[in-house]
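Below is one structure, written out as structure tokens; comments come after it.
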Amino acid sequence: MEAFWKTKPLEAMSEAEWESLCDGCGKCCLAKLEDEDTGQIHWTSVACRLFDAACCRCTDYPGRLARVPDCVRLTPQNVRELTWLPSTCAYRLIAEGKDLAWWHPLVSGRPETVHEAGISMRGRISAHEDELAEVEEYFEHVLEEEP
């Protein structure tokens, strides 16, 4: 039987299928800076205040939208429009008609492969947003390229 992400459009997935597409990399939980003139996204190693850097998960996933005003709930509609989703993101890949990578837990059968492959942000967070007082402080944490 063919894997659900190969046969179902994003809009037809159940909530459980949708949630299982998240590989647990933590990249969407990073602060990103957008150049107002070019629209270019600059990634930082600063994580959301609710991000658990050890397991690469939100500490309050059900309540995140209420607690973090700029948290973005991914939907089948907006994943096609969000320019800041990482190139490795399963939601983005499926929306673009591509397949999941070997390290994705749905392919490998193991949640640790995303970390073993070096795709996740585990061990790569330099600060949490609530530790920085000024926007200018984020510039010290800008990454050279998309993580």
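The values are calculated or read from the model by the stated rules, or taken from the named source; none is laboratory data. Remember, it's a predicted structure, so these values are computed and weren't measured experimentally. Neighbour counts are summed over all protein chains in view; Cβ atoms, including those assigned to glycine, are modelled from backbone coordinates with ideal geometry.
Listed values, structure above:
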read-out: Among (1) within 15 Å of A3 (Cα to Cα); (2) under 15 Å from the mean Cα position of the chain (by Cα) - the single one G97 does not satisfy; value: (2)
read-out: Residue selected from the stretch 32-61 under the condition part of a loop (DSSP other than H, G, I, E, B) and within 14 Å of the chain's Cα centre (by Cα), by the criterion surrounded by the most Cβ atoms within 10 Å (Cβ to Cβ); value: C56
read-out: Residue count for the stretch 97-140, restricted to those that are over 20 Å from S87 (Cβ atoms), of a type outside the set (S, T, Y) and buried (at least 18 other Cβ atoms within 10 Å of the Cβ); value: 1
read-out: Residue within the stretch 89-100 that is of a type in the set (K, R) and touching a helix residue (DSSP H, G or I) at 6+ places or on another chain (Cβ under 7 Å) present; value: yes
read-out: In the stretch 43-63, the residues that are modelled with pLDDT under 95 and either aliphatic (A, V, I, L, M) or more than 16 Å from G123 (Cα to Cα) (or both); value: A53, A54
